[in-house]
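J.: This structure is in C-alpha cells; I'll ask about it shortly.
Computed from the coordinates by the stated procedures, all read-outs in this text should not be read as laboratory data. Keep in mind it's a predicted model, so treat the numbers as computed, not measured. Cβ placement follows ideal geometry from the backbone for every residue including glycine, while neighbour counts extend to all protein chains displayed.
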Amino acid sequence: MPITRTEFGSGLRVVTERMPGIRSVSIGFWVLAGSRDERPAISGHCHFLEHLLFKGTTSRSALDIAEAFDAVGGDVNAFTAKEYTCYYARMLDRDLEMAVDHLTDMLQHSTIRSSDLEAERDVILSEIDMHEDSPEDVVHDLFTTTLWPGHPLGRPILGTRERIGAATRGSVRGFYRRHYIPGHLVVAAAGNVRHDDLVRMLRERMDIGRERRGRGDAAWRLRDAPRAPRASGHHLVQRKKTEQAHVVVGTNGLARTDPDRFAFLIVNTALGGGMSSRLFQEIREKRGLAYTAYSYHAQYAETGLFSAYCGTTAPKATTVVRLIRDQLGSIRDGGLTQEEFERAKSHVKGSTVLSLEDTGGRMSRLGKSEIANGEILTVEETLRRVASVTLDDARRVAELVLSRPMTLTVLGPVAPSAFDGALG
C-alpha cells in the first residue's frame, strides 16, 4: 500500500499509508521528546506533561476532549517512552477532522493550570506506587539503572516521588515550550485517509510552514547518536518481600539503525521470543521452574538493550540464573542450529505481517520509523531484509552482542551472597 510523505519548512513531517478497504483511521502525533531528554532535576517531566495535555486547552476542557471522542466511539490516548512521546487516536474515517482538531489544540494550546498540575501530581504518585507494587516492572528499571548508571537511558520514565513532588508549573511548561515545536513533530496516519486531506487539516490548524532555524539539512531533526554508554557488568541483588524472585540478565544490544538488527531479531526470537524458544523450553517446559521466561531487545539512537527475564521461587533463583547463563553462552559460542534459525526466521516474518493487520500497527510503524530513523521501510522491504539474513549472520551477531559484559539484577526474598559469581 502506498506510503506518502510531506515535509514542511518548519521540519514537521506528515506520513500516511492509505488502506481504502476499511472504515477507520489511526493517527499519532509523535514528539521527539522522551525521558532521556530530561535533566536529572526534572526526571519524570515528560510523562507528567503527557498527562497534563489531556486536562484542557484555552478553548476546551478535559471533559470536552473526552466527550468528543466518546461521542463518535473513538479512542484517544498517549504514552511516553525513552526517546519520544506519542498522542494517538483511532476513529471512523469521517471523524478524522475532529480528531485532528482536538489533538492539534492539545499539542499547541494546553493551559497546564496549577490546579490541574496539583491534581495530576497525586495521580502520577499513585501510578508510581502501582508500579512499585509490580516487582516484574521494578526489576527492569533496576536493571537499566544498573546496566547504565548515571546515563539518561538508565533513568525510569515515571521519574521518582521526589522529582514529581518537586515539579512546578514553570518547570513543566518550560519543557513543553522547548520540545513541543513543529520541527520535533511527526504526524503519522494509517487507514482510510487521503494524504492531501490530512495535510490540509494540519495547515489550517498549525503554524507549520515557516522556515526552521539552525542546520539546513534534514538530519538535524533526528536524535543525535552520542557515544553508546558502556555495559557496566555490575550486579545488583535487592531484597524485597515478594512471592517470587525476579531475575534479569542482559547487556548492551544494537542501535536502532544498526544493519545487524534484523539478524539479532532472529537470534532473540530463538533465544526467548516464543513458546519454542530456548529459555521457555529449558526453564518452564523441561523443568517447571517458572510460569514464564523470555528475552527482548529494545533499540535506541546509539545503543540497544538486550535482556532475559524470569520470575521463579526464591530457592530456584540461582538455578534459573545458571540456566539463562548457559543458554546465552551456547548461543554466543555458535550453538544456534539451522533448525532453530529457520523456525525463528519464519516466526519473525509471520509476526511482522500479523502486527500490521490493523491501522494502529501500521501507524505505529510509520511514526516510529520516521521520528527515529528518517527512513520508512515498506513491509515488503522489511521482509526482504529478514529473508536475507543467513545462519552465519545470526551466529556472528550473537557472538558480538552476547560477549559483552553481562549485568545481573535480582529482586525478591533472596540472599545477595547466593549470587556471588553467578554469571561466571
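J.: Take every DSSP beta bridge with both residues inside the stretch 235-419 and express the antiparallel ones as a percent of the total, to the nearest 5. Show your work: numbers first, answer last.
T.: Working: 22 of 27 bridges.
DSSP beta bridges in the stretch 235-419 are roughly 80 percent antiparallel.
J.: Oh, and also: With springs only between Cα atoms under 10 Å, which of 135, 259, 40 fluctuates most in a Gaussian network model of the chain?
T.: For the chain, modelled as a Gaussian network with Cα springs under 10 Å, the answer is 259.
J.: Just to confirm the filter: which trypsin sites (Lys or Arg not before Pro) across the stretch 233-307 are DSSP coil and have at most 12 other Cβ within 10 angstrom of their Cβ?
T.: Values: sites: 239, 240, 241, 256, 261, 278, 284, 286, 287; in loops: 240, 241, 256, 286, 287.
Within the stretch 233-307, the qualifying trypsin sites (Lys or Arg not before Pro) (loop, at most 12 other Cβ atoms within 10 Å) are 241, 286.
J.: I would also like to ask the following. Once Lys and Arg get +1 and Asp and Glu get -1 on their Cβ, which of 351, 419, 299 lies farthest toward the positive end of the dipole of the stretch 235-419?
T.: 419
J.: Out of the DSSP beta bridges found with both residues in the chain, what percent are antiparallel (nearest 5)?
T.: The answer is about 80 percent antiparallel.
J.: Could you work out the relative contact order of the stretch 3-216? I mean the mean sequence separation of Cα pairs under 8 Å and 6+ apart, divided by the number of residues, in percent.
T.: Dividing the mean separation by the residue count of the stretch 3-216 yields 41 percent.
J.: Could you work out the relative contact order of the stretch 235-419, using alpha carbon pairs under 8 angstrom and six or more residues apart, expressed as a whole percent?
T.: Relative contact order comes out at 41 percent.
J.: Quote the FRET efficiency, to the nearest 0.05, computed for residue 108 versus residue 353 with a Förster distance R0 of 41 Å and r equal to the Cβ-Cβ distance.
T.: Values: r = 37 Å, r/R0 = 0.90.
According to the calculation, E is roughly 0.65.
J.: Then there's this: So, with +1 on the Cβ of K and R and -1 on the Cβ of D and E, and no other charges, what is the size of the charge dipole of the chain about its Cα centre, to the nearest 20 debye? Walk me through the numbers before you get to the answer.
T.: Working: 56 positive and 55 negative charges, 197 e Å.
Dipole of the chain, to the nearest 20 debye: 940 debye.
J.: Oh, and also: Counting only GluC sites (Glu not before Pro) that sit in a DSSP loop (anything but H, G, I, E, B) with at most 14 other Cβ atoms within 10 Å, what is the longest stretch of the chain containing none of them?
T.: 1-210
J.: So what's the stretch 3-216 giving for Rg/Rh, alpha carbon basis, Kirkwood Rh from the mean inverse pair distance?
T.: Taking Rh as the inverse mean 1/r over Cα pairs, Rg/Rh reads 0.98.
J.: Still on this structure, please answer the following. Which loop trypsin sites (Lys or Arg not before Pro) in the stretch 64-129, with loop taken from DSSP, have no more than 16 other Cβ atoms within 10 angstrom of their Cβ?
T.: Values: sites: 82, 90, 94, 113, 121; in loops: 82, 113.
Taking the stretch 64-129 and a limit of 16 other Cβ atoms within 10 Å, the loop trypsin sites (Lys or Arg not before Pro) found are 113.
J.: For the chain, take the longest principal axis of its alpha carbons; what is the angle in degrees between that and the long axis of helix 317-332, to the nearest 10 within 0 to 90?
T.: Around 80 degrees separate the two axes.
J.: Another question, if that's okay. Against the longest principal axis of the chain, how steep is helix 261-272, in degrees 0 to 90 to the nearest 10, with axes from Cα atoms?
T.: 50
J.: Also: Given R₀ = 51 Å, FRET efficiency for residue 200-residue 122 by Cβ-Cβ distance, to 0.05?
T.: The formula returns an efficiency of 0.80 here.
J.: Would you compute, from DSSP H runs of 4+ residues alone, the mean residue ellipticity of the chain at 222 nm, taking -39500 (n - 2.57) per run and dividing by the full residue count, rounded to the nearest 500? Mind showing how you got there, number by number?
T.: Numbers: 14 runs with 172 residues, N = 424.
Here the helix-only value at 222 nm equals -12500 deg cm²/dmol.
J.: How high is the relative contact order of the chain, in percent, counting Cα pairs under 8 Å that sit 6 or more residues apart?
T.: This gives 23 percent for the chain.
J.: Under 17 Å from a label point 7 Å along Cα→Cβ of residue 97: give me every residue in the stretch 23-59 with its amide N that close.
T.: The answer is 25, whose backbone nitrogens lie closer than 17 Å to the label point.
J.: Helix 391-402 sits at what angle to the longest principal axis of the chain, using alpha carbons and giving 0 to 90 degrees rounded to 10?
T.: For helix 391-402, the angle is close to 90 degrees.
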